[in-house]
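What follows is a single structure, written as structure tokens, with notes after it.
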Amino acid sequence: MIGLTAFGAYIPRLRLSRRSIVDAHRWNQPGLARLGKGERAMCNWDEDSLTMAVEAARDCLEGMRDSAVPAVYLGSTTLPFEDRQNAGILGAALGLGEDVRTADVTSSQRAGTSALMAALEAARGGEGGSLVVASDQRRTKAGAAQELQFGDGAAAFTVGREGVVARLLGMHTLSVDFVDHYRGANREFDYNWEERWIRDEGFLKIVPRAISKALADAGVEAERVSRLILSSTLPRAAEKVAGSLGIPADRLADSLHAGVGEAGTAHPPLMLVQALETAGPGEVLVVASFGQGCDVLVFETTEAIAELPQRRGVQGSLARRREESNYNKFLAFNGLIEREKGMRAEVDNQTALTQLYRRREMLLGLVGGTCDVCGTRQFPKSRVCVNPNCNAMNSQSEFRFSEVPARIVTWSADHLTYCPDPPLHYGMVQFDGGGRIFANFTDVDVGSVEVGQRMRMMFRVKDYDDQRGFRRYFWKAAPEFAPQAAASASAAGE
Amino acid sequence: MASGIKDKVAILGMGCSNFGERWDCDPEDLMVEAFEECLGDAGIETRQIEAAWLATAIEEIHVGKGGLPLSFGLRLPYIPVTRVENFCASGSEALRGAVYAVASGACDVALALGVEKLKDTGYGGLPQRSRGVLNSMWWANYSAPGAFAQLAAAYRAKHGIAVDELKRAMAHVSVKSHENGAKNPKAHLRNRITEEKVLDAPMVAEPLGIFDCCGVSDGAACAIVTTPEIAKSLGKTDLVTVKALQLSVSNGVESGYSSWDGSHFMTARIASRKAYEEAGIKDPRAEISLAEVHDCFSITELVTMEDLHLSPEGGGVKDVLDGFYDADGGLPCQIDGGLKCFGHPIGASGLRMLYEMYLQLQGRAGDRQVKDPKFGLTHNLGGAPHQNVCSVAIVGSYDG
């Protein structure tokens, strides 16, 4: 048996109210008002496809950090680097070691499902435990309909032969050069063709054909489908596909459009994660992904799905939410407006690649040291132990702090240091079990920070080097989030 | 057992430029302004100086690297000139070099000069520069006020003090320094302020408002030192000698080990204890007449009074609010206005503090003169609470 062995998700905490977008453009685009309901997920200034991928992967790997991961596939069309392997950074941030096959899968909205198919094919060949992540932060011009329709997010799966929670029954791909939109090399934004043509000549013809072939490959009749995971921003397109296949409309999975928006290559995977969170054993899940053709995968959940430890997933990510109603902030975070940043922002953030390489485990994986003599954990790892009663030399083994909970010892909210979203919060955080770091905070609200507060480390953008097109990543402290607590709080509220 | 520095070196002369936004001055102008006063006070000629130390912290802002800026600026006669940098303790570090040179017998007369030209950046506050290839990749992005503001959060948590009470004590620190600075013709900020004004000021780094932060200034200060014997032979009376010079530098315990609670300076506790021992001071609260401490921010001064063992731990707020450190209090602190109002040209600050102590001990401090001071303490703190260098110096009248 091959299939999915675990899953995870990440949706940025910020949700931009669509009303704020509509209001900003009403003067010249009154027609956008029809899209003005609900909210869209929006990356914080220090999030991108890669940081979201790390979070989705951490969620997926919850409780299985000791298992070997032989391969990492990262699907996205909005990766931060065109030529520096993004999946390699993802693997390093997760501390997967160097003996790992890594690949970026990109250039099509199918990239997330194509990455998943590649991993499943490898599993057929005997590879177990690979990680597949799809993540997207799609940029649009200000005032485009897609600005309202899109959202940011990531989903992750492990694929293998042991502990399968959703067995692969079959899959099929149609590759058709149907150009509904494209983005040329070195272009910032997509160029889109007419919606009605995309729907009638593309989506409604290509998708049903691909699903029929996948169902045939799986040997599954349409009426056995428990969930059809199919998303489109085209009006009623998913319903029409379901109807043409003889699948009742109530089997269509929630599109996540109301609260998240269409998250590009990550969207079908995100919907699949949500379906898996609520599925019992024996359910048939069909996931289809449209883009220059169509990928379709057919899964059946197993008994093991009930035993998977609880994770944040889509439900937890939706609960970890802060409404943003300031559209100007969205423009600023996405580089859609030339803003006065002040002279302090002019500091040169050139990165010494030699130094980055020497300290790659420390900088990408938050790896510090444990003294073999006195047991003191410390960050960074150093040649002489920091414990004043020890100071042993050359005594430290590597210790990874990224998954260790921490609490705030000191903090301030700084209005002086340049930050795209001031004030900049930072302070000393103390790790449970020893070790500490003076770290920037992220995803905190003004007035909510206090000494003793529980924190969790997150992989984020530290600095942008706009002069050279580089971005630096490092770990920041964010308020701890307990999905169980949020779920019970919302249940109590009901 | 080392005998320490006590009474081995005397101050022969001192000078200090006006501090402030010296838009019309190059570092050369500031150095010469301080040096002219110093040379006149010492009553010697430039050619009698045998070695010199230059303190400047942020060399890429106008002053330059190495010993050249000082040697060129004063046309020193091809003598040894060493540039030192130890954050905000740079000026005290230059003094240490000159004092130790004289004490060792390597030379008879040495110069320590500190200078900083900060107002060529185009914005307020300290210059923002890269922190180095590795540090810039993992240190939190932070500013000086944000780093020192951390003390307030930890101090409140440790001592269970309400934010309003701590803010009030911090405001008193600043109001007191403005009161003192108003009387100082060389000070950068000479206006009096009220507690309300401090509390209503715009926030810089929670909980520090704009009046909780010191001035960022251009300026220079310097000292010529020699042995007490040579000073006497040059006709000097009322000698001021160095009683203690201590420096403590963090090694990573605060930022990397789990013992430090964030509410105080480990270095200041160590450096001050050693300084009292070197100076032979048993009860610093009773024996120290005056203190010039590194009040880069109001909260720094408040916790520093405890770290210098002048206020009991947790008792700083009460002492401040009781006026113990006011000009008419038991232990006047920042009698010249401090960093807060005299200003903070980084490399010059340690020597500026010494300048005030020297004037006070010689009874030459004018409107600010304190009655019969015996020991004056200066304290510099460079870096951030979680990793810093701290210097403590004690000077006093010479009885020999």
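For B:172, B:294, give the ranking by accessible area with the largest first, probe 1.4 Å.
Ranking B:172, B:294 by accessible area, largest first, yields B:172, B:294.
On a straight-distance basis, which lysines could pair with residue A:205 in a cross-link, Cα separation under 20 angstrom, same-chain partners fewer than 8 positions away excluded?
A:213, A:240
Ignoring everything except DSSP H segments at least 4 long, calculate the 222 nm mean residue ellipticity for chain A; use -39,500 (n - 2.57) per segment, divide by total residues, nearest 500.
Counting only the DSSP helices, I get -7000 deg cm²/dmol.
For residue A:166, what residues show an amide H to amide H distance below 5 Å, using hydrogens built from the backbone and excluding near sequence neighbours?
Those lying under 5 Å, H to H, from residue A:166 are A:4, A:302.
Can you give the accessible area of residue A:221, probe radius 1.4 Å, in Å² rounded to 10?
Surface accessible to solvent at residue A:221 totals approximately 120 Å².
Hey, what do the phi angles of region A:289-301 turn into as Karplus ³J(HN,Hα) couplings, whole Hz, using 6.51/-1.76/1.60 and θ = phi - 60°, x for Gly and Pro?
9, 9, x, 6, x, 7, 9, 9, 10, 10, 10, 10, 5
Chain B: longest stretch without exposed chymotrypsin sites (Phe, Trp or Tyr not before Pro) (DSSP loop, at most 10 other Cβ within 10 Å), sites themselves excluded?
That would be B:79-400.
Under 15 Å from a label point 7 Å along Cα→Cβ of residue A:167: give me every residue in region A:266-285 with its amide N that close.
A:281-285
Which Cys residues of chain A have no other Cys beta carbon under 4.7 Å away?
Cysteines of chain A left without a disulfide-compatible partner: A:43, A:60, A:294, A:419.
I'd like the distance separating the alpha-carbon centroids of region A:120-137 and region A:288-366, in whole Å.
Going from one Cα centre to the other spans 19 Å.
Calculate, for residue B:191 and residue B:26, the FRET efficiency according to 1/(1 + (r/R0)^6) with r their C-beta to C-beta distance and R0 41 Å; round to the nearest 0.05. Could you put the intermediate results ahead of the total?
Details: r = 27 Å, r/R0 = 0.66.
Approximately 0.90, to the nearest 0.05.
How large is Rg over Rh for chain B, taking Rg from the Cα atoms and Rh as the Kirkwood inverse mean of 1/r across Cα pairs?
Over the Cα atoms of chain B, Rg/Rh equals 0.94.
Normalise the Cα radius of gyration of region A:406-493 by 2.2 N^0.38 Å (N = residues in it) and let me know the number.
Working it through for region A:406-493, the quotient is 1.24.
Can you tell me the Rg and the Dmax, both Å, for the Cα atoms in region B:1-132?
15.3, 51
Taking every DSSP beta bridge that has both residues in chain B, what percent is antiparallel when rounded to the nearest 5? Walk me through the numbers before you get to the answer.
Details: 37 of 51 bridges.
Approximately 75 percent, going by the DSSP bridge assignments.
Which is the longest run of chain B containing none of the GluC sites (Glu not before Pro) found in DSSP loop states (not H, G, I, E, B) with at most 10 other C-beta atoms within 10 Å?
Of all site-free stretches, the longest is B:61-400.
Restricting to DSSP loop positions (anything but H, G, I, E, B) with no more than 14 other Cβ atoms inside 10 Å of their own Cβ, which trypsin sites (Lys or Arg not before Pro) remain in region B:1-100? Numbers along the way, then the final one.
On the way: sites: B:6, B:8, B:22, B:47, B:65, B:75, B:83, B:96; in loops: B:6, B:8, B:22, B:65, B:75.
Listed in order of number, the matching sites are B:65, B:75.
Whenever you get a sec, line up A:325, A:397 from highest to lowest accessible area (probe 1.4 Å, protein heavy atoms). Working shown, then result.
On the way: A:325 80, A:397 45 Å².
Sorted by accessible area, descending: A:325, A:397.
Largest first and in whole Å, what are the equivalent-ellipsoid semi-axes of region A:14-106 based on the Cα gyration tensor, each being the root of 5 times an eigenvalue?
Numbers: eigenvalues 268, 45, 19 Å².
For region A:14-106, the semi-axes come out at 37, 15, 10 Å.
Any idea of residue B:318's accessible area? Nearest 10 Å², probe 1.4 Å.
Spelled out: residue B:318, probe radius 1.4 Å, area about 130 Å².
Between residue A:343 and residue A:448, how many nm apart are label points set 7 Å from Cα along the C-beta direction?
3.5 nm
As an exercise, find the ratio Rg/Rh for region B:221-283 from alpha-carbon atoms, using the Kirkwood inverse-distance average for Rh.
Here the Rg-to-Rh quotient is 1.19.
Return, for the Cα atoms of region B:158-276, the radius of gyration and Dmax in Å, separated by a comma.
My reading of the Cα-based Rg and Dmax gives 20.1, 58 Å.
Mind listing the long-range amide H neighbours of residue B:84? Cut-off is under 5 Å, sequence gap 5 or more, other chains count too, H placed in the peptide plane at 1.01 Å from N.
Under 5 Å from the amide H of residue B:84 lie the amide H atoms of B:54, B:55, B:56, each far enough along the sequence or on another chain.
Would you work out what percent of the accessible area of the protein assembly as shown, with all protein chains in place, is carbon or sulfur (probe 1.4 Å)?
Within the protein assembly as shown, the accessible surface is 49 percent carbon and sulfur.
Using R₀ = 25 Å, calculate the FRET efficiency as 1/(1 + (r/R₀)^6) where r is the Cβ-Cβ separation of residue A:432 and residue B:259; round to 0.05.
About 0.95, to the nearest 0.05.
For q = 0.21, 0.23, 0.27, 0.28 Å⁻¹, what log10 I(q)/I(0) does region B:268-334 give under the Debye formula with an equal point scatterer on each alpha carbon and no solvent?
The Debye formula, applied to the Cα set alone, gives -0.85, -1.02, -1.36, -1.44.
Shape call for region A:3-333 from the C-alpha gyration tensor, a ≥ b ≥ c root eigenvalues: rounded (a/c under 1.5), prolate (a/b greater than b/c) or oblate?
In terms of gyration-tensor shape, oblate.
Please tell me which of these pairs span more than 21 angstrom C-alpha to C-alpha: B:167/B:274; B:6/B:282; A:462/B:65? Walk me through the numbers on the way to the answer.
Numbers: B:167/B:274 31 Å; B:6/B:282 15 Å; A:462/B:65 31 Å.
Correct reply: B:167/B:274; A:462/B:65.
As a test, work out the antiparallel percent of DSSP beta bridges whose residues both lie in the protein assembly as shown, rounded to the nearest 5.
75 percent
Ordered by residue, what ³J(HN,Hα) values in Hz, to whole numbers, does region A:67-83 give under the Karplus form 6.51 cos²θ - 1.76 cosθ + 1.60, where θ = phi - 60° and Gly and Pro are x?
Couplings: 6, 6, 10, x, 8, 10, 10, 10, x, 5, 10, 10, 6, x, 10, 7, 9 Hz.
Near residue A:381, which lysines are there with a Cα under 19 Å away, not counting those fewer than 8 places off in the same chain?
A:476
Past 28 Å, Cα to Cα, is the threshold; run B:8/B:374; B:183/B:318; B:117/B:318; B:243/B:340; A:341/B:117; B:119/B:340 against it and keep the listed order.
B:117/B:318, as the Cα separations exceed 28 Å there.
Check which residues have an amide H placed less than 5 Å from residue B:311's amide H, if you skip close sequence neighbours.
Residues meeting the amide H criterion: B:306.
P(r) for region B:264-400, please, calculated from all Cα pair distances in 10 Å bins and given in %.
All Cα pairs considered, the percentages come to 12, 48, 35, 4, 0.
Students sometimes get this wrong: rank B:270, A:408 by accessible area, probe 1.4 Å, all chains present, largest first.
On the way: B:270 65, A:408 0 Å².
Largest accessible area first, the list is B:270, A:408.
Bins of 5 Å, beginning at zero and ending with the bin holding the largest distance: percent of Cα pairs per bin for region A:232-353, please.
Cα pair-distance distribution for region A:232-353, in percent: 2, 7, 13, 16, 15, 12, 10, 8, 7, 4, 3, 2, 0.
Using the alpha-carbon centroid of each, what span in Å lies between region B:279-319 and region B:381-400?
About 12 Å separates the Cα centre of region B:279-319 from the one of region B:381-400.
Taking every DSSP beta bridge that has both residues in region A:3-333, what percent is antiparallel when rounded to the nearest 5? Before the final figure, lay out the partial values.
Working: 38 of 56 bridges.
Percent antiparallel among DSSP bridges in region A:3-333 is about 70.
How much accessible area does residue A:474 have with a 1.4 Å probe, in Å² rounded to the nearest 10?
That residue has around 10 Å² of solvent-accessible surface.
Counting only C-alpha contacts under 8 Å and six or more residues apart, can you give the relative contact order of region A:3-333 as a whole percent?
Normalised by residue count, the contact order of region A:3-333 is 27 percent.
Using the Karplus equation 6.51 cos²θ - 1.76 cosθ + 1.60 (θ = phi - 60°), what ³J(HN,Hα) coupling, rounded to whole Hz, does each residue of region B:2-18 give in order, writing x for Gly and Pro?
Running phi through 6.51 cos²θ - 1.76 cosθ + 1.60 with θ = phi - 60° gives 5, 8, x, 9, 3, 6, 8, 9, 10, 8, 8, x, 9, x, 8, 6, 5 Hz.
Note the full-extension length gain between residue B:159 and residue B:251 as 0.36 nm times their separation in residues minus their Cα-Cα distance, in nm to one decimal.
30.5 nm
Along each of the three principal axes of the Cα atoms of region A:159-262, give the extent in whole Å, ordering the values from largest to smallest.
So the three principal-axis extents are 43, 32, 31 Å.
For the protein assembly as shown, treating each Cα as an identical point scatterer without solvent, what Debye log10 I(q)/I(0) comes out at q = 0.09 1/Å?
Log-scaled intensity ratios, in q order: -0.91.
With every protein chain present, what is the per residue accessible area of region A:3-333 (1.4 Å probe, Å²)?
On the way: 12590 Å² over 331 residues.
Here the per-residue accessible area is 38 Å².
The values are calculated or read from the model by the stated rules, or taken from the named source; none is laboratory data. On a predicted model such as this, the values are computed, not experimentally measured, just so you know. Quick reminder, even Gly has a Cβ in these numbers, built from the backbone with ideal geometry, and neighbours come from all protein chains shown. With ligands, DNA and RNA removed, areas are computed over all heavy atoms of the protein, side chains included. Shrake-Rupley method; radii C 1.70, N 1.55, O 1.52, S 1.80 Å.
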